[in-house]
Structure formats: structure tokens, C-alpha cells
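Novice: Dumping the structure here so I can ask a few things about it.
The values are calculated or read from the model by the stated rules, or taken from the named source; none is laboratory data. All figures in this text were calculated on a predicted structure; none of them were measured in a lab. Positions of Cβ are generated from backbone atoms using ideal geometry, with glycine treated the same way; all protein chains shown enter the neighbour counts. For accessibility, only protein heavy atoms count, side chains too; no ligands or nucleic acids. Shrake-Rupley method; radii C 1.70, N 1.55, O 1.52, S 1.80 Å.
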Amino acid sequence: MKNLKKILIFIVTIIFTSPIYAGDYKIGYVDLSKILNESPAALAAQKKLEQEFSPRNKKLEAQAKKINKQKEKLQKESDIMSKDQIESLQRKIMKSERDLKRDADEAREDYKLRRRDELGKIENRLKEVILSIAQGEKYDLIMTNSDVTYASDSSSINITEKVLKKFNSK
């Protein structure tokens with residue numbers, strides 16, 4: 001009986017001193033993808049990347065057109081070409097296709113690296129903004145898309161618009 005009473009007192013003490021019952025928590029949610037898609041800084045970074053890689057993409061397109069013209073020539077003129085000429089043109093086309101694939105892969109990798117760099121800069125600024133809002137408004141916890149399965153846009157915990165406004169003002 002004494003042990004049961006001690007156990008009950010212990011359980012009641014744990015329950016009432018638990019942080020869960022200690023008070024309300026202030027929780028916020030930020031939709032990072034919305035900010036990265038709508039902020040002027042992100043849009044400017046995207047435009048900068050497009051301008052930076054546009055000449056390279058045009059060069060790749062020109063290479064692809066040249067290969068297609070060679071293929072058309074092979075198809076149209078193969079009847080009047082010698083066997084050696086056909087084989088030579090086929091080798092040239094295959095080499096050009098390999099070069100194009102290599103150049104396209106290289107361009108894609110370079111684009112990914114530059115995009116990661118640009119987004120990294122934006123994300124660092126964004127973290128600073130979120131942190132300043134969290135500290136300024138005494139949030140206990142702020143979550144992002146990767147942490148949350150669902151959060152309503154009209155929910156009071158969704159502070160995306162507040163973060164977007166402050167992010168855009170910097």
C-alpha cells in the first residue's frame with residue numbers, strides 16, 4: 001500500500017512537472033519552396049543563371065543541328081556515296097554525337113553546381129531572416145517543408161508570408 005501511494009505521487013509529480021504541461025509553445029512553419037519560387041532574389045538568381053548558360057546552350061543546340069544535317073545528308077546521299085564515304089560520315093556523326101553528349105553532360109553538371117551555389121547564398125540569407133523572426137517573436141520551434149507533411153496556408157503557425165516580406169526587404 002505504501003509503495004502504491006509512493007508510485008501514485010511519483011506519477012502525478014511527473015505529469016504536472018512535465019514540460020508538456022508547463023505552458024504553451026509558439027510554433028511556426030515556413031514554406032521554403034514558396035519563398036525560393038517567389039522571392040525577387042531567387043528569381044534574379046535564376047535569371048542570372050539563364051543568362052550565364054544561354055551561350056553554352058545555344059552552342060549545344062547548334063552542334064545538335066549540325067549532327068542532324070549530317071544524318072540527313074547520309075540518309076539522302078547514301079545511294080550516291082561510296083562505301084568509304086558512308087563509313088567516314090558515320091564515324092564523324094558518331095564522334096560528333098559523343099562530343100555533344102559529353103559537352104551536354106558537362107554543361108548540366110556546371111549548371112547544377114552554379115545553381116547550388118546561388119541557392120546556397122539565398123538559403124543562408126533566408127536562415128538569417130527566419131532566425132531573426134524566431135528570436136524577435138519568441139518562437140520555440142520553426143519547421144520547414146522537409147519537416148512538415150501538411151500545414152494550412154491560413155494556419156496561424158504558417159509564417160511564410162512574414163518571412164518572405166522580411167527576406168525581400170533586405
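Novice: Which of (1) surrounded by 13 or more Cβ atoms within 10 Å (Cβ to Cβ); (2) farther than 30 Å from Asn168 by Cβ does Ala45 not meet, given it meets every other one?
Specialist: (2) is the only condition that Ala45 fails.
Novice: State whether one or more residues within region 123-139 are over 30 Å from Tyr25 (Cα atoms), charged (D, E, K, R) and open to solvent by less than 90 Å² (accessible area, probe 1.4 Å).
Specialist: no
Novice: When you scan region 80-87, do you find a residue that is open to solvent by 100 Å² or more (accessible area, probe 1.4 Å), out of contact with any Leu (no Cβ under 6 Å at 6 or more places or on another chain) and under 28 Å from Gln51 (Cβ atoms), even just one?
Specialist: Looking for residues that are open to solvent by 100 Å² or more (accessible area, probe 1.4 Å), out of contact with any Leu (no Cβ under 6 Å at 6 or more places or on another chain) and under 28 Å from Gln51 (Cβ atoms), one finds none in region 80-87, hence no.
Novice: Within region 79-99, is there a residue that is closer than 22 Å to Ala44 by Cβ and out of contact with any helix residue (DSSP H, G or I) (no Cβ under 8 Å at 6 or more places or on another chain)?
Specialist: No - not one qualifying residue is present in region 79-99.
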